[in-house]
Amino acid sequence: MKLDIVNLTRANGDDDFQMSSLIDIVFLMLIYFLVTSSLVKSEADLGIKLPGTVVQKTTLKMPDEQIIEINANGSVILNGSEYDSASSRDMPQLVAVLKRFRLSSEAAKNPAMVSIQAHDETQHQRVIDVMNACAAAEITQVTFGAGD
């Protein structure tokens, strides 16, 4: 069977692409999606109160400053209690106490101040260790007092 491509013609001239029916389908789909879609509701204020700091009914007397004493042997004394060993450079116990002091002072709306009193025979490195502990506890107001 041979096909003569030169003599091929259209039998009917009305086979053009019908654009009006395509436009009708697009508008019907648009209406369908508009009707079936749901609008996203924006977040609103739910009126939830999150836990925060507790307001104290009675005023709490906070000390103005904490005095850290450093003895000649390197022991660190705060409020009559010795913290960390003389060989400890990180001083985690002292840092924990100073952080609690800072948080309590901030809750009472007082500045957290620390005064360091070192013995005359104390090594300078031990004073620096205490200053690093104050920095780790985020206490910025550090002063030096006269030691023994």
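Residue count for segment 83-113 under the criterion of being loosely packed, with under 14 Cβ neighbours inside 10 Å and among the charged types (D, E, K, R): the result is 5. Of all residues in segment 103-139, those being part of a loop (DSSP other than H, G, I, E, B) and free of Cβ contacts under 8 Å to residues at least 12 places away in the same chain number 1. The single condition among (1) modelled with pLDDT of 90 or more; (2) in a strand (DSSP E or B) that residue 100 does not meet is (2). Within segment 14-34, none of the residues are at pLDDT below 85, assigned to a loop (DSSP other than H, G, I, E, B) and closer than 30 Å to residue 131 by Cβ.
From the list 77, 5, which one is at pLDDT 70 or above, of a type outside the set (Phe, Trp, Tyr) and either in a loop (DSSP other than H, G, I, E, B) or surrounded by 10 or more Cβ atoms within 10 Å (Cβ to Cβ) (or both)? One residue alone meets the criteria, 77.
The values are calculated or read from the model by the stated rules, or taken from the named source; none is laboratory data. What you are looking at is a predicted structure, and each value in this text was computed from that prediction instead of being measured. Positions of Cβ are generated from backbone atoms using ideal geometry, with glycine treated the same way; all protein chains shown enter the neighbour counts.
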